[in-house]
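This report refers to the structure that appears directly beneath it.
The values are calculated or read from the model by the stated rules, or taken from the named source; none is laboratory data. Note that the coordinates shown come from a computational prediction; the quantities given were computed from them, not determined experimentally. Cβ placement follows ideal geometry from the backbone for every residue including glycine, while neighbour counts extend to all protein chains displayed. Surface areas here come from the heavy atoms of the whole protein model, side chains and all, with no ligands, DNA or RNA. Shrake-Rupley method; radii C 1.70, N 1.55, O 1.52, S 1.80 Å.
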Amino acid sequence: MAKFEKIIPILVYEDIPSAHDFLVDAFGFVSGGVQRTPDGEAVHGEVRAGDLLIWLHRAAPEHNLASPRSQSVATGGLVVHTDDVDVHYANARERGASVESEPKDQAYGQREYGARDPEGHRWWFASPLK
């Protein structure tokens, strides 16, 4: 059997440049850039956290790809471990993240909080309990 080398999550956005800037500013990801067509339409973006890469894909009805903004629910989300979830929470909240739950110690060994980005993707940020 072939071994897996990498998994790259893809999140669909109606406005890739705005989503990219929010993820960098509010959540602290590192910019991987936004790629555009010759006409200037944003079609792909990337953000990074350490070795983690996340692709930002355009909403594409022809491929049945839609942002949670156009749906009544989000069907998934991402959990990102950080070295200090409380500092991350304060920064994200200050920069306009829609916080769904404040940092709380969990029985499964981590302290976490939940938030949504402007298009409705669900995010949880966590640090291991010490």
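Values as computed for the structure displayed
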| item | result |
| --- | --- |
| Qualifying residue in region 51-64 (condition: open to solvent by 90 Å² or more (accessible area, probe 1.4 Å), touching a strand residue (DSSP E or B) at 6+ places or on another chain (Cβ under 8 Å) and within 19 Å of TRP124 (Cβ to Cβ)) | no |
| Contacts under 9 angstrom Cβ, first residue in region 3-18 being farther than 20 Å from VAL34 by Cα, partner open to solvent by less than 30 Å² (accessible area, probe 1.4 Å), 6 or more apart | LYS6/LEU53 |
| Tally of residues being closer than 18 Å to TRP124 by Cα and over 12 Å from the mean Cα position of the chain (by Cα) across region 16-50 | 1 |
| Single unsatisfied condition, ALA115 versus (1) more than 15 Å from the chain's Cα centre (by Cα); (2) surrounded by 12 or more Cβ atoms within 10 Å (Cβ to Cβ); (3) at pLDDT 95 or above; (4) not charged (D, E, K, R) | (1) |
| Residue that is most open to solvent (accessible area, probe 1.4 Å), among those in region 25-42 that are among the aliphatic types (A, V, I, L, M) and more than 18 Å from VAL99 (Cβ to Cβ) | VAL30 |
| Test: TRP124 is within 12 Å of the chain's Cα centre (by Cα), open to solvent by 30 Å² or more (accessible area, probe 1.4 Å) and within 14 Å of ASP15 (Cα to Cα) | no |
| Subset of region 76-97 that is in a helix (DSSP H, G or I) and open to solvent by less than 60 Å² (accessible area, probe 1.4 Å) - its residue that is nearest to HIS121 (Cα to Cα) | ALA92 |
| Condition met for PRO103 (surrounded by 17 or more Cβ atoms within 10 Å (Cβ to Cβ), touching a helix residue (DSSP H, G or I) at 6+ places or on another chain (Cβ under 9 Å) and touching a residue at least 60 places away in the same chain (Cβ under 8 Å)) | no |
| Matching residues, region 86-112, being among the hydrophobic types (A, V, I, L, M, F, W, C), over 17 Å from VAL24 (Cβ atoms) and under 15 Å from the mean Cα position of the chain (by Cα) | VAL99 |
| Of the criteria (1) closer than 20 Å to ALA92 by Cα; (2) in contact with a His (Cβ under 8 Å, 6 or more places away or on another chain); (3) among the β-branched types (Val, Ile, Thr), which one VAL34 fails | (1) |
| Test: residue in region 5-17 that is more than 22 Å from GLY76 (Cα to Cα) and at pLDDT below 95 | yes |
